[in-house]
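Step one of this worksheet: look at the structure below.
Taken together, the values in this text are just the output of simple stated rules run on the coordinates, not laboratory data. Values in this document were obtained by computation on a predicted structure and should not be read as measured data. Backbone-built Cβ (ideal geometry, glycine too); neighbour counts: all protein chains shown.
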Amino acid sequence: MSGNLSVRVWRGRADGAFQSFEVPRYASQSVLDVVTHIQRKLDATLAYRYACRVGMCGSCAMTVNGVARWTCRTHVDKVAADGRLEIAPLHHLPVIRDLVADMREFFDKWARARGSFRGTKTRHDGFAAVSPASRKRRAIEAGIECIGCGVCYSACDTVAWNPDYLGPAALQRAWTLVNDVRDTANPERLRAVAGDGGCGACHTHLSCTERCPKQLSPTAGIAGLKRAVTMAALRGTL
Amino acid sequence: MNSHASALGNDVRARNHPAWWAFLVHRLSGIALAIFLPLHFFALGQALEGAAKLEVFLRWTDQPLFHFGVWGLVVLLAAHLAGGLRLLALEFLPWREWHKTLAAIAAGFTLAAGIAIALAL
């Protein structure tokens, strides 16, 4: 593997522009390697965010050639067959600078979706017995590995069309808690995800499911919430 | 620095996957069918004003362009029906990784309906 990559990198805030760089191409090179090369060798003022480099922390997500991806585990070979890369911050979030998106809105919506666990037991009580094979536990299993990278939020058009929309990650988190038999916040949680910005706003584009780097299906959780909200409304408990 | 800044929003590169195309077909077919509805009610309204008036209208529509329009309408109906059933299956049946299969089935149904009507016309 040799030659150069032609890389266009977003600079500035939302009203910024792309800046071009030539970056040496290596075998097994990740997009994060490319960004790091630019920051260390070509322009030290480039701002970007990463931590673990191994697909666990969810902090390095960016828009690569128009598609939201985790850059640490995105190989250049996979996305830049013609030797060209366009790297921008995640969409649908305010840009702090260059490749750094402001994630506050993303995580605030997790809180609005009642994404935190509320139980009744104390440390003095015994463990809850939850069968791993139960339907509810398996529903949790399907969504619990979210790393909060924001790729689904960036990929989702409904987030752009409806600023109140809670987004795939927050709704998926709510769905895992709806299925948690130990949790006691569910009537309140279902109300939180039933409004204009809740699960009913999803257009089922499945972009979140298509782009999730952990191969999760937030759409499955959102569909589950739609059913749960409908049943609660019919029972008069919403 | 290059001057050709692009807006930071999703474009076709982000949307280029089967489920988004299925959404677009469903939405556009729905809008097109809604636009057709007034014409449909107009034709039915002619029947209320007597058989002769309806006959004049029906004879006026008996031309190749209208036949092509009827074919288009059936294709739109087939696409919208298949797309709607696809969504119901996705959201109400137990979740499985079959959304691309469902989109393919919906596309196949629409194609089959289009060919069948074209042959019948």
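Annotations
- Remark: mean inter-chain Cβ contacts per residue of B:11-24 equal 5, using a 10 Å Cβ-Cβ cutoff to other protein chain atoms.
- Sum of -39500 (n - 2.57) over DSSP H runs of 4+, divided by residues of chain B (222 nm, nearest 500): -27500 deg cm²/dmol
- Rounded to whole Hz, the Karplus (6.51, -1.76, 1.60) HN-Hα couplings of the range A:130-135, x for glycine and proline: 10, 5, x, 8, 5, 4
- Relative contact order computed over the range B:4-121 (Cα-Cα under 8 Å; 6+ residues apart), in percent: 34
- Per residue of A:66-73, other chain Cβ atoms within 10 Å of the residue Cβ number 2 on average.
- Partners of A:K78 within straight-line reach, counting aspartates and glutamates whose Cα lies under 15 Å from its Cα and excluding those fewer than 8 residues away in the same chain: A:D33, A:E86.
- Sparsely packed trypsin sites (Lys or Arg not before Pro) within the range B:21-104, loop by DSSP, other Cβ within 10 Å at most 16: B:R96
- Amide H contacts under 5 Å for A:G115: none, restricted to partners 5 or more places along the chain or on a different chain, H placed in the peptide plane at 1.01 Å from N.
- Residue (of A:P132, A:Y165, A:G83) at the positive-pole extreme of the range A:83-225, dipole from beta-carbon charges: A:P132
- Helical mean residue ellipticity (222 nm; -39500 (n - 2.57) per DSSP H run of 4+; nearest 500) of chain A: -8500 deg cm²/dmol
- For the range B:85-98, 3J(HN,Hα) computed residue by residue from phi via the Karplus equation (6.51, -1.76, 1.60; θ = phi - 60°) reads 5, 4, 5, 4, 5, 4, 8, 10, 8, x, 5, 8, 7, 10 Hz, glycine and proline entered as x.
- Database remark: amide H of A:L85 closer than 5 angstrom to the amide H of A:S6, A:V7, A:R8 (H placed geometrically; neighbours at sequence offset of 5 or more, or on other chains; Pro and chain starts carry no H).
- Unit charges on C-beta of K, R, D, E only; dipole of chain B, Debye: 300
- The range A:4-101 - charge dipole about Cα centre, Lys and Arg +1 at Cβ, Asp and Glu -1, debye rounded to 20: 200
- Scalar couplings 3J(HN,Hα) for the range A:48-55, obtained by applying the Karplus form with A = 6.51, B = -1.76, C = 1.60 to θ = phi - 60°, are 8, 10, 7, 9, 7, 6, 10, x Hz; x denotes Gly and Pro.
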